[in-house]
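These notes concern the structure reproduced below.
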Amino acid sequence: MNEDNIQDASRPIFGEYTAPLVLTVTVVFLGWFFLSQWDGILSLFSWLGSGIADAPNALSRVITHYTSITPSQWLPSVGIGALFGVVTTARLISKPSIRGIALGGLVGGLGSQFLVLPTQHCTYTPETPPIQVIMGVFLAIFGSVIALIPLWTWLRGGVSHAGTSGFFRSRTLPYLFLLPMVLNLLLFLYYPSIQTVTLSLFSRRFPLPQERFVCLNNYTALAEDVIYRNSFIITFVIMFAVVVFSLGIALGIALLASQKVRYANVYRTLLIWPFALSPVVAGAIFLAMFREGNTGLINALLNALTGTTVSWLRDANLARVAIVAAAVWNILGFNVLFYIAGLQNVPKDLLEAASIDGANRVQRFWRITLPMLAPFTFFLLVTNVTYAFYGIYGAVDTLTSGGPPLGAAGSLGGATSVLIYKLYEDAFNPGSPIGLAGAQAVILFLLVASLTVLQFRTLESRITYSE
């Protein structure tokens, strides 16, 4: 066999047809999609066109607002943002120039208006309660941070691309590739977020159209609401339990599934399957297990063995146990998948060397395996915390509907009424104040974002990523 025949034998069978086949399928799919969704696409572009056409009016409304209020209302927020920009730029940038510090002050002052403008500078009036004044200062600083992050990146010299294997010859091509994602973020993330923040500043009862501006009263009302405070505590308790048990059990299962046994791939696939189910389906499965009387699987077994049954979903503590169990089971496959991948990357020579040095199985796990899994544990910690705040809604709604009630006639809320469930109740129940739901959505987002940033700031620096 000559060299040409060897090269032909090693060439993939469908290699020369792969690119045209993929291109043809893609074009056919896109054509079908655009034709089937043409009315929706026209509505989207009509909405975008109306938004662009309204831009001059929006700018006119902004100018009218600043000219209609006294400088004593908008100057404090600009001053706070400018001072914050000067101080942080001087401290975060090594050897900053006078021009860089001045730019920090300018950008910080302008950025402070991102979040203060929607409040119509209501927190800087003489009759504003002290708590809302503090919240107004926080909004000015937070808006400045949003505007200053790109400036800090530019002053530091931008993002280094040293060591990367590729680059674009054209300066415009990368931006064209990024354009669809940027438009997607603007339309379906940033714009709805701005609308939610604006909604939280108004008082309106759905579905009535009347609304009135109430500044930050919705936020202060939530701070004084005992039911909302209880939901806060319940959410953190359930979140802590879900994260601890899901990570701990997943690591133990991953250690067992990583052993060299026959049909190991089949076992691993079955372990991952629960993650493919939605939280609502997981809640329905656990409802069949924890249902009252003898109709529930667990109570049927207890009755057969001991002659007693347990009110799983009517007792406050047991109801939380059922919610945690359903949430842990639902997210378990996701955690097991990543831990199995992490265990396969643990160097075998290190384990063998430790075994030769006399380390037993437990010592090898604590001194070698667990530290090597730190990057995976950190990633799973962030994702599980987010899941415990948002993804748990389906299990709560299916199993307990936020109950059982706490206090007389539920005066203290529900035993499993987590923040995301209370948000849904206030947003979609007739007669509920929709502005309170908007404020809850903003608070929940800020809470999860703050916890994520805190985890990155406190834990990621202690993790070593192998090269």
Residue that is of a type in the set (A, V, I, L, M), crowded, with 19+ Cβ neighbours inside 10 Å and not in a loop (DSSP other than H, G, I, E, B), where the choices are A409, A439: A439
Given the criteria closer than 30 Å to N429 by Cα and not in a helix (DSSP H, G or I), does G402 qualify? yes
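Here's the yes/no breakdown for (1) part of a helix (DSSP H, G or I); (2) at pLDDT below 90; (3) in the same structural domain as G109 (by TED's automatic domain parsing); (4) within 24 Å of T125 (Cβ to Cβ):
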site: V28; (1), (2), (3), (4): yes, no, yes, no
site: G49; (1), (2), (3), (4): yes, yes, yes, no
site: R61; (1), (2), (3), (4): yes, yes, yes, yes
site: P76; (1), (2), (3), (4): yes, no, yes, yes
site: A82; (1), (2), (3), (4): yes, no, yes, yes
Determine whether segment 241-261 contains at least one residue that is outside the structural domain of A341 (by TED's automatic domain parsing) and in contact with a Lys or Arg (Cβ under 6 Å, 6 or more places away or on another chain). no
Where residues in segment 356-394 are in a helix (DSSP H, G or I) and among the charged types (D, E, K, R), which of them is nearest to V243 (Cα to Cα)? R367
Hits in segment 290-326 - residues which are crowded, with 17+ Cβ neighbours inside 10 Å and touching a residue at least 24 places away in the same chain (Cβ under 8 Å): F290, L313, A319, R320, A322, I323, V324, A325, A326
Some residue of segment 442-453 being farther than 30 Å from F376 by Cβ, in the same structural domain as A374 (by TED's automatic domain parsing) and surrounded by 21 or more Cβ atoms within 10 Å (Cβ to Cβ): no
Could you please give the count of residues in segment 129-150 that are surrounded by fewer than 17 Cβ atoms within 10 Å (Cβ to Cβ) and either closer than 16 Å to I69 by Cβ or among the aliphatic types (A, V, I, L, M) (or both)? 5
Lone qualifier among N57, N5 - being in a helix (DSSP H, G or I), at pLDDT 85 or above and out of contact with any helix residue (DSSP H, G or I) (no Cβ under 8 Å at 6 or more places or on another chain): N57
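Okay, residues lined up against (1) at pLDDT 90 or above; (2) within 31 Å of the chain's Cα centre (by Cα); (3) not small (G, A, S):
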{"residue": "V25", "(1), (2), (3)": "no, no, yes"}
{"residue": "W32", "(1), (2), (3)": "yes, no, yes"}
{"residue": "F45", "(1), (2), (3)": "no, yes, yes"}
{"residue": "S94", "(1), (2), (3)": "no, no, no"}
{"residue": "G100", "(1), (2), (3)": "no, no, no"}
Mind listing whichever residues of segment 241-277 are outside any loop (DSSP other than H, G, I, E, B) and among the charged types (D, E, K, R)? R268
Output the number of the condition that A254 fails; it satisfies all remaining conditions of (1) under 30 Å from D315 (Cα atoms); (2) touching a residue at least 60 places away in the same chain (Cβ under 8 Å). (1)
Which of the residues spanning segment 200-217 are of a type outside the set (D, E, K, R) and either in the same structural domain as N317 (by TED's automatic domain parsing) or more than 13 Å from I443 (Cβ to Cβ) (or both)? L201, F202, S203, F206, P207, L208, P209, Q210, F213, V214, C215, N217
Residue among D397, D426 that alone is acidic (D, E), at pLDDT below 90 and either part of a helix (DSSP H, G or I) or within 17 Å of the chain's Cα centre (by Cα) (or both): D426
Lone unmet requirement of (1) within 20 Å of S278 (Cβ to Cβ); (2) in contact (Cβ under 8 Å) with a residue 60 or more places away in the chain for W329: (2)
Which listed residue is at pLDDT 85 or above and in contact with a Gly (Cβ under 6 Å, 6 or more places away or on another chain), from L380, L373: L373
Flag if L189 is under 22 Å from Y390 (Cα atoms) and free of Cβ contacts under 8 Å to residues at least 24 places away in the same chain: yes
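The values are calculated or read from the model by the stated rules, or taken from the named source; none is laboratory data. Source: prediction; values computed, not measured. All Cβ positions, glycine included, derive from the backbone under ideal geometry; neighbour counts span all protein chains shown.
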